[in-house]
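Structure record follows, encoded as structure tokens.
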Amino acid sequence: MNEEQVRRRARNEALFRGLNEQVKDHEIGNGVDASDPIDFVCECSSLECMKVVSVSREEYEAVREGGSTFIVAPGHEEPEIEDVLVSHSSFSVVEKRGEAAAVAEETNPRD
């Protein structure tokens, strides 16, 4: 995979991360409790993916503490550009590395 492909995939992931930030804000506005599950969109690099992963707000916030960490559906991990930090039955937490990590940090909506 060349550098441009890595950057494109990372930008796709950042797009889904931004969408999930809006989902989280909407759910908080509706009074969702920190332990209640929220349906988020998988943050993998495939623009066609619309898998839903249910994650508590508390778990989501833990992932968002890092600018290069993302939530993906099981099987959507990409070992070429990321490491799996945690794997659950319903979702995995991955951390980008290299150029993908740089794009993730540049596009972090919380910075």
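Things to note:
- Only residues that are touching a Phe, Trp or Tyr at 6+ places or on another chain (Cβ under 8 Å) and of a type in the set (Val, Ile, Thr) were counted in the range 18-41, giving 3.
- Residues (in contact with a strand residue (DSSP E or B) (Cβ under 8 Å, 6 or more places away or on another chain) and either modelled with pLDDT of 95 or more or farther than 16 Å from Leu15 by Cα (or both)) located in the range 49-58: Lys51, Val52, Val53, Ser54, Val55, Ser56, Arg57
- Residue check, Ala62 more than 10 Å from the chain's Cα centre (by Cα), buried (at least 19 other Cβ atoms within 10 Å of the Cβ) and hydrophobic (A, V, I, L, M, F, W, C): no
- Contact map, the range 89-111: residues that are in contact (Cβ under 8 Å) with a residue 60 or more places away in the chain paired with residues that are aliphatic (A, V, I, L, M) and surrounded by fewer than 19 Cβ atoms within 10 Å (Cβ to Cβ), Cβ distance under 9 Å, separation 6+ or inter-chain. Pairs shown: Lys96/Ala102; Thr107/Leu15.
- Looking only at the range 46-75, residues that are assigned to a loop (DSSP other than H, G, I, E, B) and among the hydrophobic types (A, V, I, L, M, F, W, C) come to 4 in all.
- For first residues located in the range 73-86 and at pLDDT below 95, partners that are exposed (fewer than 13 other Cβ atoms within 10 Å of the Cβ) and lie 6+ apart or on another chain with Cβ distances below 6 Å form the pairs Glu80/Met1.
- Selection from the range 83-108 of residues that are within 16 Å of Phe40 (Cβ to Cβ), more than 12 Å from the chain's Cα centre (by Cα) and not hydroxyl-bearing (Ser, Thr, Tyr): Val86, His88
- Whichever residue in the range 1-48 is among the acidic types (Asp, Glu) and exposed (fewer than 15 other Cβ atoms within 10 Å of the Cβ) and, among such residues, is modelled with the highest pLDDT: Asp39
The values are calculated or read from the model by the stated rules, or taken from the named source; none is laboratory data. Please read all numbers here as calculations on a predicted model, not as lab measurements. In this analysis, Cβ positions are derived from the backbone assuming ideal geometry, glycine residues included, and neighbour counts consider all displayed protein chains.
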